[in-house]
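Trainee: Would you mind keeping the following structure in view while I ask a few things?
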Amino acid sequence: MATNKERDKQHAKGHIAMKTPPIVSEQEWTAAQQQMLVKEKAFTRSRDALAAERRRMPWTAVEKKYEFDGPRGKASLLDLFEGRRQLIVYRAFFEPGVFGWPEHACRGCSLGADQVSHLAHLNARDTTLAYASRAPQADITRLKARMGWEIPWYTITDGFDKDFGVDEWHGHNAFIRDGDKVFRTYFINGRGDEAMGTIWSYLDMTALGRQEIWEDSPEGYPQTAPYKWWNWHDNYDADAMPDPKWVQVSDAGEAAFRKHDADAKAS
């Protein structure tokens, strides 16, 4: 077995010290890719079905009152919604005793924070994402400035982390509110957190999902046409939605995709 130094020398010389797949013609590669595409589409449909089951998960009422420190002072769990209908809270480890303190948060949680896409799109679906740690707000503010993060980030001051399964490990908790009543709807942690970061991964874990008409959701759930609600992240509040010109563009795109799929099936 090659030592680390030997492997480093091999890589430095341009040698690939591993058993690679066969090298084939472009035609053979395309055939292999098409075979994989069948499995990938099946995986996508399976993922959609799983998200549909999440939307039918029972809810549990959050009866206990929780208090956080935020950039504007004390905040309740209801305050974290910022007036929206849904809330996702990620428990990030940034506090005394965590590797990296006080300059950095946990490396894994920091990697996750780097993956978070622009929150305006999530907010446009009536959903808020917030981070929560036990570090004081002054340290959280400093960390966010250093790392370039704009995620709303609160300080846990009570047993919220223990009550929701994130006192010893990271995780995402999803909530929904009905007026002032708050309900817990789902929980993802462990390797499930690896996939989080996109607007779609966040929405798929929520009770309302992506809120698009193609989704298999219970009767009465809010749903609009796909693509039509999309906007530039700095423009959601500027124009009436959906924009007529964008509707034309997205309709043309959908038609092109359908034609491509039909031609592929016919060939």
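The values are calculated or read from the model by the stated rules, or taken from the named source; none is laboratory data. No experiment lies behind these values; they were computed from the predicted model shown. No Cβ is skipped: glycine too gets one built from the backbone with ideal geometry, and neighbour counts run over all protein chains shown. Surface accessibility is based on the protein's heavy atoms, side chains included, excluding ligands, DNA and RNA. Shrake-Rupley method; radii C 1.70, N 1.55, O 1.52, S 1.80 Å.
Trainee: Are there chymotrypsin sites (Phe, Trp or Tyr not before Pro) in the stretch 76-140 that DSSP marks as loop and that have at most 15 other Cβ atoms within 10 Å, and which are they?
Mentor: 99
Trainee: Note down the accessible area of residue 263, probe 1.4 Å, to the nearest 10 Å².
Mentor: Per-residue accessible area (residue 263): approximately 80 Å².
Trainee: Calculate, in nm to one decimal, what residue 162 and residue 256 gain on full extension: separation in residues at 0.36 nm each, minus their alpha carbon distance.
Mentor: Fully extending the segment from residue 162 to residue 256 adds 28.8 nm.
Trainee: Counting only residues 5 or more places away or on other chains, whose amide H sits under 5 Å from the amide H of residue 66 once H atoms are built in the peptide plane?
Mentor: Sorted by chain and number, the residues that satisfy this are 77.
Trainee: Oh, and also: Using only Cα atoms, locate the centre of the stretch 96-114 and the centre of the stretch 170-242, then give the distance between them in Å, rounded to an integer.
Mentor: Result: 27 Å between the Cα centres.
Trainee: Right, here's the next one. Tell me, what is the percent relative contact order of the chain, built from C-alpha pairs under 8 Å that lie six or more residues apart?
Mentor: It comes to 20 percent, rounded to a whole number.
Trainee: Taking θ = phi - 60°, what integer Hz values does the Karplus form 6.51 cos²θ - 1.76 cosθ + 1.60 yield along the stretch 147-157, in sequence order, with x for Gly and Pro?
Mentor: Karplus-based 3J(HN,Hα) across the stretch 147-157 equals 8, x, 9, 10, 5, x, 9, 10, 9, 6, 10 Hz.
Trainee: Something else about it: Taking the C-alpha atoms of the stretch 146-217, how large are the radius of gyration and the largest Cα-Cα span, Dmax, in Å?
Mentor: 14.1, 42
Trainee: Would you mind working out the accessible area per residue for the stretch 31-93, using a 1.4 Å probe, and quoting it in Å²?
Mentor: Using a 1.4 Å probe on heavy atoms only, each residue of the stretch 31-93 averages 64 Å².
Trainee: Need one value: the accessible area of residue 29 in square angstrom, 1.4 angstrom probe, rounded to the nearest 10.
Mentor: Only protein atoms counted, so the area is about 150 Å².
Trainee: Moving to a separate point now. Loop-only trypsin sites (Lys or Arg not before Pro) in the stretch 36-133, please: DSSP not H, G, I, E or B, and at most 13 other Cβ atoms within 10 Å.
Mentor: Of the trypsin sites (Lys or Arg not before Pro), the ones in loops of the stretch 36-133 whose Cβ has at most 13 other Cβ atoms within 10 Å are 56, 64, 65, 72.
Trainee: Ordering 175, 187 by how much accessible area each has at a 1.4 Å probe, largest first, what is the list?
Mentor: 187, 175
Trainee: Something else about it: Averaging over all projection directions, find the projected area of the Cα convex hull of the stretch 93-232 and quote it in nm² with one decimal place.
Mentor: 9.5
Trainee: Follow-up question, since we're still on this one. Can you give the Rg to Rh ratio for the stretch 47-90, taking only C-alpha atoms and Rh from Kirkwood?
Mentor: My calculation puts Rg/Rh at 1.10.
Trainee: Next up: Taking the stretch 175-267 on its own, what percent of its Cα-Cα pair distances exceed 19 Å?
Mentor: It works out to 61 percent of all Cα pairs.
Trainee: In whole percent, how big is the carbon plus sulfur part of the accessible area of the chain, probe 1.4 Å, protein atoms only?
Mentor: In the chain, the share of accessible area belonging to carbon and sulfur is 56 percent.
Trainee: Compute the longest continuous run of the chain that contains no exposed GluC sites (Glu not before Pro); treat a site as exposed when its DSSP state is not H, G, I, E or B and it has at most 16 other Cβ atoms within 10 Å.
Mentor: My reading of the result: 1-62 is the longest stretch.
Trainee: Pop out the ³J(HN,Hα) list for the stretch 79-85 in order, Karplus 6.51 cos²θ - 1.76 cosθ + 1.60 with θ = phi - 60°, rounded to Hz; leave Gly and Pro as x.
Mentor: My calculation for the stretch 79-85 gives 4, 5, 5, 6, x, 8, 7 Hz in order.
Trainee: Considering the values [x] 32, 21, 18; [y] 36, 31, 18; [z] 37, 18, 16, which represents semi-axes √(5λ) of the Cα gyration tensor in Å as calculated for the structure under consideration?
Mentor: Answer label, from the structure shown: [y].
Trainee: Taking only DSSP H segments of four or more residues, each worth -39500 (n - 2.57), what value at 222 nm results for the chain once the sum is divided by all its residues, to the nearest 500 deg cm²/dmol?
Mentor: The per-residue figure over the chain is -11500 deg cm²/dmol.
Trainee: Next question, about the same structure. Calculate one ³J(HN,Hα) per residue across the stretch 166-177 by plugging θ = phi - 60° into the Karplus curve 6.51 cos²θ - 1.76 cosθ + 1.60, and present them in order as whole Hz with x for glycine and proline.
Mentor: 10, 7, 10, 8, 5, x, 10, 10, 9, 10, 9, 10
Trainee: Could you size up the charge dipole of the chain around its Cα centre, putting +1 on the beta carbon of Lys and Arg and -1 on that of Asp and Glu, and report it in debye to the nearest 20?
Mentor: That gives a dipole near 600 debye.
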